[in-house]
Each structure stands twice: as structure tokens, then as C-alpha cells.
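Below is one structure, written out as C-alpha cells; the observations come after it.
What follows draws every value from the coordinates through simple rules; no lab data is involved. On a predicted model such as this, the values are computed, not experimentally measured, just so you know. Every residue, glycine among them, receives a Cβ derived from its backbone with ideal geometry; neighbour counts consider all protein chains shown.
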Amino acid sequence: MTGKKGVRRIVLKTFFALPLLLLPAGCGGFSFQAIGTALLQEVGVLPGKSVFDSAKGLLNATRDLTREEEYYLGRAVSAHILTIYPLYEKPELTAYVNKVGLTVASESGLPETFGGYHFAVLDSDEINAMAAPGGFIFISRGILELMPDEDSLAAVLAHEVMHVAKKHGVAAISQDNMTRTLSALGTFAGSLNCSELIQQATTVFGGAVKDITDTLVTSGYSRTQEREADLGAVDILYRAGYDPYAMEVMLQLVEGQSGKSSGGWFDTHPPASERLKMVRNYLEKKNIPHISAGKDKRRERFLRHVGSVSLAGAARSGRSL
């Protein structure tokens, strides 16, 4: 079991190695030390004073989070995810995944978030992908190893973008934790500068972070939410110039791993066979055409950036490509 020194080393190394999570998004003079302190408080290495002690509970707890609040919530969730999964530290691969992700995000119902979309690869064999509020999206090395081309990568990222656009992560917060979060935000609104807000973010969002992380890592979204993400992703692919049938291909590949792999996607998503049938019906009903133009070039680009990941995965599993 990792000790406190080990946790501190892992969290600081991981978080400071990921500049995409440290972007100020309109805040001036934010503090790296403050972010580190908030992270260490989250994993229990440093004590943190609860902001709820002074919360007055005067806010209407039924209001939506603002875009800024959702962004800081997403950062806190992302920090928590990075205490569970390490990053796959390949800058060129991360940059490529971000380019594909931003392309599909531009064709979603939410092309921009307060702090922008950010995509990262987790160094995990699990077949998995997840999205935190505010536009923080993670895919695993394990799911990259399954993908045959850029269109399939775009399909998975489009699915996660839809979770962000539909605010499925925020919907996972219990009413009690939402009330506590909004009350705390109301108490501190306008009284903290950006650096202090970042320092307090993990504590403010404590219960909400747990609710969302449990949904992403353990329980998964509802079938209705997954349906929205799947079908919305098909539409995004078509608008972005990717083959919308890549969603079907990706679900077939995941279905083929059923019984061979565990955890990740298989614990948090409805059966791939069920989703595959729904996507096929949608493609047929809407009469959505294939998009083959440029597909060979996109596949070549994908293999140039992701081929090393697939080869590494093949070596570990003993399979041939």
C-alpha cells in the first residue's frame, strides 16, 4: 500500500507534469503551491480546514453551476482521477489526441468550455475513457491499443465530449452534496482571489468530487446518458468529416474483449452488444452515409502517432497485429 510520502511524490510528479490542468483560464496570478496544497489535502497528506464551517446556506441549491464553477469542479475531479491512474507521459501522443479531440469538440453542442477542452492518456491496461465536467477528458492506453485508426479515436473522444456537453458529470452529484457545494461557493464568491480559489477548490467540491469520481470509475452513467453520448457522437463524427460508422466499429472491438478484459469500460458502461444494436438502428434510420474520403491518410497519421502504443500492447499480451 502506498505510504504518504509515496502518494505525495506521485501526486506532485503527475500534476506538475500535466500543464493542461494548470491553465489559469482567465485567472491572474495563480499559485502552483496552492494547487499542490489542494491536491495533497484531497489525498489526505495535508490537513485542510473545511470551508463548510462558515457556509451560510443562503444560496438557492437548485441553481446550475456556472461555467467557471464547473471548470474548477472538473479540475478537482481530474486531480482525483490522477491519484488513481498515472499519466502516459508521451507529449507527442498527448498533443495528437488533443488535436483530434478539439476537432470533434468543435462540432458538438458545446464547442468551448470556460477553460477549454483538455485530453490526456492514462497509463492503464484497462479499456476505458472518462470525462470530467468542464472539458477534462481521459482515455486509457488500453483502449488506444484496440483502435485501428483515427476515426475510431474520434468516435471515443466524441462520446466523452457528449458527456461534457450534456453535463452528465454534474448530474451525478447528489442533492445533498450539491447543496453543500453551492452554499460553500456562495460564502466564498467574491471574497477569494484566483490563487485562493484554486487552493480551496478541492475542499469546496469535496462531496461532489467523490460523487462524480465514483460514477466515472465505479458505477457508470445511466443507459439514457450513454445513449445520448453514443448517438450524439455519431452526429459529431459526420459533421467533423469522420466516418460515423467508426462508432459501430469501436463498439464491435469492445464487444470482442468481453470476457477477456475486466474493469474500466466493462464495469461502467452498458453491454457493448446493446449499444451496438442501438447505434446500428440509428445509422440505418437516419440513412447516414459512410465517409471514406481521407480515411487512409487519417489512418496513416494515427499509426504514426499511436502505433508504438499498439506495438507495446501487443508485446505485453503476446498477440500479433
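Observations on the structure shown:
- In terms of the mean number of neighbouring beta-carbon atoms within 10 Å, the peptides 104-110, 271-277 order highest first as 104-110, 271-277.
- Difference of contour (0.36 nm per residue) and Cα-Cα distance, residue 304 to residue 287: 2.8 nm
- Computed over the range 112-152, the P(r) curve from all C-alpha pair distances, binned at 10 Å from the origin, holds 29, 48, 22, 1 percent per bin.
- Residue 136 long-range amide H proximity, modeled H, under 5 Å: 118
- Sorted largest first, the spans of the alpha carbon positions of the range 85-153 along the three principal axes are 30, 24, 20 Å.
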